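The values are calculated or read from the model by the stated rules, or taken from the named source; none is laboratory data. Because the structure is predicted, anything quoted here is derived from the model rather than measured. Note: ideal-geometry Cβ built from the backbone for every residue, glycine included; neighbour counts use all protein chains shown. Keep in mind that these areas ignore ligands, DNA and RNA; they rest on the heavy atoms of the full protein, side chains included. Shrake-Rupley method; radii C 1.70, N 1.55, O 1.52, S 1.80 Å.
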Amino acid sequence: MKKQAQLYEGKAKKVFATDDPDLVIVDYKDDATAFNGAKKGTITGKGVINNKLTNYLMQVLEREGIPTHFVEELSDRETLVKKVSIVPLEVIVRNRSAGHFASRYGVEEGIVFPQPTIEFSYKCDALDDPLLNHYHALALGLATQEEIDRITGLSFRINDVLKRFFSEVGVTLVDFKLEFGKLSDGTIVLADEISPDTCRLWDAKTGEKLDKDRFRRDMGGVEDAYQEIMRRVFGA
Ligand code: TMP
Ligand code: ASP
């Protein structure tokens, strides 16, 4: 499948057309941003890790009956995926308090919730991805009630699968962000990525952070943390 014109460049990935109108190629970069692009940097090797990890996890999810955009890994950084129109909602599932949940509600990080939470933000860089509830999403015409129900159900199922998967390799899945897309027939599929950029992953024994918070918070050891997740998932 040959790369054609670039369709889009995001903060961490580029998207290219192919000769099939229903397929596009995603190309993962090493660029890292935080706080809506206010902080910029490079995490060497991140693109390769996020590509491989996302593809692996999407295949795990497919086997559990979750529809995804994944088609085929083409190279270290490039993957063929189904072309979707992205639903402009960032879906965040949390198992423990951290990040904006902890700061917004004034609680410490690491509190284990009795059941997972879900929240949506409006995917709009110009507005800094504001938090919204499903009535707001309906009011803004971002998705239909049926789509929101489907996305919510899929997100909690994805959490069950990923939580179990990571716990088997000694990693606590604290929270994560998902994006969904619509195929031309309206089918909702999981899109974007599942990686240390988009998940909070803590060592289950020590609580050490093995994710992008090391970059966001200038903690050092960023590349090592991404590589440690690779080792846990793929072995030495
Ligand atoms: P938050 O606590 O900052 O709201 O983040 C929740 C989760 O979502 C965390 O795992 C990081 C991820 N996330 C993204 O993938 N992209 C973003 O732009 C933000 C703000 C968070
Ligand atoms: N990648 C996001 C940005 O720069 C934020 C984050 O992941 O913290 O907007």
> Counting pairs of alpha carbon atoms under 8 Å apart in space and at least six apart in sequence, what relative contact order in percent does segment 35-139 give?
Replying inline: 17
> So, counting K/R as plus one and D/E as minus one, what does the shell of residues with Cβ under 11 Å around Asp31 add up to?
Replying inline: +3
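Round to a whole number: what % of the accessible area of the chain belongs to carbon and sulfur, probe 1.4 Å?
51
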> Structure shown: which of Lys82/Lys123; Lys2/Lys163; Lys82/Lys205; Lys3/Lys212 lie over 32 Å apart, alpha-carbon to alpha-carbon?
Replying inline: Lys2/Lys163; Lys82/Lys205
> If you line up the Cα atoms of segment 76-179 on their principal axes, what length do they span on each, largest first, in Å?
Replying inline: 39, 38, 26
> For Leu131, what is the net charge nearby, where nearby means another residue's Cβ is under 11 Å from its Cβ and Lys, Arg count +1, Asp, Glu -1?
Replying inline: -3
> Quick one: if you take sqrt(5λ) for each eigenvalue of the C-alpha gyration tensor of the chain, what semi-axes come out, biggest first, whole angstrom?
Replying inline: 25, 23, 18
> Relative contact order for segment 108-188 using alpha-carbon pairs under 8 Å, separation at least 6, rounded to a whole percent?
Replying inline: 19
>> Going 7 Å from the Cα of Asn133 along its beta-carbon direction, which residues of segment 89-115 have the amide nitrogen within less than 13 Å of the resulting point?
In response: none
>> Sequence gap at least 6, Cα distance under 8 Å: using those rules, report the relative contact order of the chain to the nearest whole percent.
In response: 17
>> Give me the extension gain from Leu183 to Met219: residue separation times 0.36 nm, minus the current Cα-Cα distance, reported in nm with one decimal.
In response: 9.0 nm
> So what is the accessible area of the chain per residue, in Å², with the probe set to 1.4 Å?
Replying inline: 47
> Cα extents of segment 125-236 along the three principal axes, largest first, in whole Å?
Replying inline: 45, 30, 23
